[in-house]
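Inspection log for the structure reproduced underneath, given as structure tokens.
The values are calculated or read from the model by the stated rules, or taken from the named source; none is laboratory data. Computed from a predicted structure; not experimentally measured. Cβ atoms come from the backbone with ideal geometry, glycine included; neighbour counts cover every protein chain shown. The protein model used for the area step is the full one, side chains on, heavy atoms only, and it has no ligands, DNA or RNA in it. Shrake-Rupley method; radii C 1.70, N 1.55, O 1.52, S 1.80 Å.
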Amino acid sequence: MKGVKVAALACAGIAAASCLGGCGLAGKRSEPDGIATTSMAICQILDKLGIDNVVGIPSAAEDIELPERYKDVRTIGSAMSPDMEILSRINPETVIVPRSLEAGLSAQFESAGIHAQYFDLSDVEGMYGDIDALGEQYGKQTEAAALRAEYETYVEENRVQSDDPSTVLVLMAYPGRFYLIVTADSYVGSLIELAGGVNVYDENYITDGSGVAAVNTEHMIQTDPDKIVVFAHYDEENAFKYMREEIETGAIWQNFRAVREGEVYYLSSDDGFGMSANLGWYESFDYLTDTVFAEA
């Protein structure tokens with residue numbers, strides 16, 4: 001009996017040692033298959049391209065409706081914190097991630113042995129550029145071309161046409177009582193340009209690559225914008241409350257012609273404004289052309 005116990009203990013030790021390599025990955029496929037994505041916006045794009053082999057989607061609801069074809073697909077955690085164990089189990093050929101999250105997630109994907117590719121949601125044109133690339137990658141060139149044609153036609157037919165386009169200062173507000181300027185090299189900044197306005201901080205203004213920057217008020221005054229638009233990074237109610245107090249009661253803001261003339265607009269997430277591009281950009285575009293640039 002003693003020999004049997006020793007043998008059993010040895011086997012248990014071998015099993016325990018093997019778990020150090022990752023018992024949580026039991027059932028991992030021998031060969032990668034399918035696509036996963038951490039973004040609901042990208043999920044929507046995959047649906048429009050007619051791509052069926054999606055094996056992982058984000059669990060965060062976001063503000064974009066989940067396509068019907070993916071309603072039974074396994075969730076893989078939030079966009080900013082995907083579950084690497086679940087991803088390793090389903091073992092997709094690739095996981096498609098917003099490029100803005102590359103710096104924070106690339107090391108985790110590499111450590112887990114998961115192939116990731118990064119998708120540009122920083123502005124509208126960048127999004128359609130990567131839609132073209134996905135079309136090439138998955139044999140969906142026709143679908144990608146149709147999406148691009150729809151985008152370009154809509155902009156051409158609906159943007160504000162003016163020989164003297166309105167100049168716009170774009171601000172991103174935080175509930176922590178501060179704000180940043182937003183350049184044309186960003187989602188909301190690019191929408192301003194698409195709709196027919198001119199961002200006073202164009203895509204050549206130097207930032208850290210995020211399309212936002214801290215600029216002193218005196219410098220902003222010198223740009224003399226026709227209009228000021230504000231959107232929130234998060235917690236819209238408190239962010240907007242802070243900016244309204246700042247602009248309406250701050251003496252320095254009365255130096256802005258746009259403030260004196262009542263040309264300050266708050267861009268709500270209810271109208272599609274946010275940090276990242278998505279296929280619902282039409283709604284935000286229409287708000288700009290119908291409201292912000294209505295008299296242009």
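Apolar share of the accessible surface for the stretch 113-176: 45 percent from carbon plus sulfur atoms, 1.4 Å probe. The simple spin-label model puts a point 7 Å past each Cα toward its Cβ; for Gln137 and Thr75 those points are separated by 2.5 nm.
Here Tyr234 and Ala149 are evaluated by their C-beta separation; at R0 = 35 Å the FRET efficiency comes out at 0.55. With the convex hull of the Cα atoms taken as the outline of the stretch 75-144, the averaged projected area works out to 5.1 nm². Cα convex hull, the stretch 51-171: 147 Å³ per residue, rounded to a whole number.
Add +1 for every Lys or Arg and -1 for every Asp or Glu among the other residues with Cβ under 12 Å from the Cβ of Tyr242, and state the total. Net of charged neighbours comes to -3. I need the shape label for the stretch 159-287. Rule: rounded when a/c is under 1.5, else prolate if a/b > b/c, else oblate, with a, b, c from the alpha carbon gyration tensor. Because its axes are fairly even, with a/c under 1.5, the stretch 159-287 counts as rounded. Loop-resident GluC sites (Glu not before Pro) (DSSP state other than H, G, I, E or B) in the stretch 210-296 with no more than 16 further Cβ atoms inside 10 Å of their Cβ: Glu261, Glu295. Span-like helix criteria (full DSSP H runs; alpha carbon extent of at least 18 Å along the helix axis; mean Kyte-Doolittle hydropathy of at least 0.5) are satisfied in the chain by 2-19. Averaging the Cα positions of each part gives two centres, and for the stretch 93-116 and the stretch 239-296 these lie 34 Å apart. Over all directions, the projected convex hull of the C-alpha atoms in the chain averages 19.9 nm² in area. Solvent exposure of the chain, expressed per residue, is 50 Å² of accessible area, with all protein chains present and a 1.4 angstrom probe. For the stretch 148-219, the calculated P(r), taken from all Cα-Cα distances in 10 Å bins from zero up to the bin holding the longest distance, is 19, 44, 28, 9, 0 percent.
Sorted on the mean count of surrounding Cβ atoms within 10 Å across their residues, most packed first, peptides 193-199, 103-109 read 193-199, 103-109. Only beta bridges with both residues in the chain are counted; by DSSP, about 25 percent of them are antiparallel.
Remark: the stretch 242-285 is approximated by an ellipsoid whose semi-axes, taken from the C-alpha gyration tensor as √(5λ), come to 28, 11, 8 Å, largest first. Note on the chain: lysine pairs with Cα distance below 30 Å, sequence gap of 8 or more or different chains, count 7. Per residue, the chain reaches -12000 deg cm²/dmol at 222 nm when only DSSP H runs of four or more residues are counted, each adding -39500 (n - 2.57).
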